[in-house]
Amino acid sequence: MERSRSAVQAVVFDIGGVLSAPEGAVPQVAEALGLPVDAVGPAYWGPREAYDRGGALADYWRAVGEALGLDLVGARAAELDDLDARRWGALAPRSADLLAEVSQVAARGAVRLAVLSNAPASLAGVVRASEWSEPFEALLFSAELRAAKPGPAVYAAVEQALDLPGDQLAFFDDRPVNVEAARARGWRAHLWTGADEARAQLVRLGVLDG
């Protein structure tokens with residue numbers, strides 16, 4: 001049965017904390033550096049926003065290293081960045097199950113899929129090369145947009161890429177501020193609390209069968 005024009009036509013997912021594990025790459029980076037996670041976390045996250053907005057790989061890892069009293073440059077920075085991107089780009093198991101189900105619906109042409117993620121260019125490359133991203137029609141990353149959630153420009157970019165109004169978009173993100181910004185544009189935005197709850201939301205929206 002054809003859905004009405006006001007029904008959800010596309011599902012938009014965040015990556016970190018939604019499709020991938022919430023702890024991200026911090027534990028792996030800490031292990032690679034031989035340091036406690038609690039010590040690495042603040043150094044990792046401090047300069048991250050600038051990196052997600054398109055900052056240089058070398059600048060980001062140099063800043064992380066300076067905060068830790070380490071010299072993270074050159075090949076060492078490149079190795080850590082590859083580890084970081086691959087960890088963020090790996091699907092969490094329950095998210096993978098949900099995505100497989102939604103992808104089957106997309107394959108029938110019943111819904112379209114998109115990613116909207118605050119993420120650096122290296123993660124964008126890993127995602128585009130991944131098998132799991134193949135069903136996605138649009139992959140939008142803050143580093144490439146030079147703008148990040150919750151700023152309005154990134155939401156407008158999704159609407160433009162899909163040529164859909166906000167009320168036809170379902171969106172899942174793990175940060176309340178990003179969800180509220182999407183709702184302000186009329187998106188059917190939901191705070192991600194787990195794949196099971198997200199599936200229930202997609203059933204209520206008519207995207208998945210109960």
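The values are calculated or read from the model by the stated rules, or taken from the named source; none is laboratory data. Remember, predicted model here, so these are calculated numbers, not experimental data. Cβ sites come from the backbone with ideal geometry, for glycine too, and all protein chains shown count toward neighbours.
When residues in the range 61-72 are screened for being within 26 Å of the chain's Cα centre (by Cα) and either outside the structural domain of Leu33 (by TED's automatic domain parsing) or not in a helix (DSSP H, G or I) (or both), 1 of them pass.
Residues checked against (1) over 20 Å from Val115 (Cβ atoms); (2) in contact with a Cys (Cβ under 9 Å, 6 or more places away or on another chain); (3) outside any helix (DSSP H, G or I):
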{"position": "Ala7", "(1), (2), (3)": "yes, no, yes"}
{"position": "Val11", "(1), (2), (3)": "no, no, yes"}
{"position": "Asp38", "(1), (2), (3)": "yes, no, no"}
{"position": "Pro42", "(1), (2), (3)": "yes, no, no"}
{"position": "Asp59", "(1), (2), (3)": "yes, no, no"}
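Across the range 146-163, the number of residues qualifying as in contact (Cβ under 8 Å) with a residue 60 or more places away in the chain and in a helix (DSSP H, G or I) comes to 2. Quickly run through the range 143-178 and pick out the residues that are touching a Phe, Trp or Tyr at 6+ places or on another chain (Cβ under 8 Å) and either surrounded by fewer than 20 Cβ atoms within 10 Å (Cβ to Cβ) or farther than 25 Å from Glu197 by Cβ (or both). Listed by number, the residues that qualify are Ala143, Gly166, Asp167, Asp174. Going by what's in this entry, would Gly65 be described as out of contact with any Pro (no Cβ under 9 Å at 6 or more places or on another chain), surrounded by 14 or more Cβ atoms within 10 Å (Cβ to Cβ) and of a type outside the set (A, V, I, L, M)? Yes.
The set of residues from the range 18-34 being at pLDDT 95 or above and small (Gly, Ala, Ser) comprises Ser20, Ala30, Ala32, Gly34.
Taking Ala181, is it small (Gly, Ala, Ser), out of contact with any Leu (no Cβ under 9 Å at 6 or more places or on another chain) and either modelled with pLDDT of 95 or more or surrounded by fewer than 20 Cβ atoms within 10 Å (Cβ to Cβ) (or both)? In short, yes. When Gly24 is tested against (1) outside any loop (DSSP other than H, G, I, E, B); (2) within 20 Å of Leu191 (Cβ to Cβ), exactly one condition is not met: (1).
When the range 154-184 is filtered for residues that are among the basic types (Lys, Arg) and under 16 Å from Ala7 (Cα atoms), only Arg183 remains. Please work out which residue is surrounded by the fewest Cβ atoms within 10 Å (Cβ to Cβ), limiting yourself to the range 185-199 and to residues that are assigned to a helix (DSSP H, G or I) and in contact with a helix residue (DSSP H, G or I) (Cβ under 8 Å, 6 or more places away or on another chain). That would be Asp196. Kindly indicate whether any position in the range 112-129 is over 25 Å from Ala30 (Cα atoms) and surrounded by fewer than 19 Cβ atoms within 10 Å (Cβ to Cβ). Yes; the residues of the range 112-129 include at least one that is over 25 Å from Ala30 (Cα atoms) and surrounded by fewer than 19 Cβ atoms within 10 Å (Cβ to Cβ).
If the condition is being in a loop (DSSP other than H, G, I, E, B), within 17 Å of the chain's Cα centre (by Cα) and farther than 19 Å from Ala161 by Cα, then the range 77-125 contributes Gly89, Ala90, Ala92, Pro120. Within the range 64-89, if we keep just the residues that are among the small types (Gly, Ala, Ser) and touching a Ser or Thr at 6+ places or on another chain (Cβ under 8 Å), the residue that is nearest to Pro42 (Cα to Cα) turns out to be Ala85. Would you mind stating whether Val203 is modelled with pLDDT of 95 or more and either under 14 Å from the mean Cα position of the chain (by Cα) or exposed (fewer than 14 other Cβ atoms within 10 Å of the Cβ) (or both)? In short, yes.
Taking the conditions (1) in contact (Cβ under 8 Å) with a residue 60 or more places away in the chain; (2) assigned to a helix (DSSP H, G or I); (3) farther than 12 Å from Ala10 by Cα in turn, Arg128 satisfies each one other than (1).
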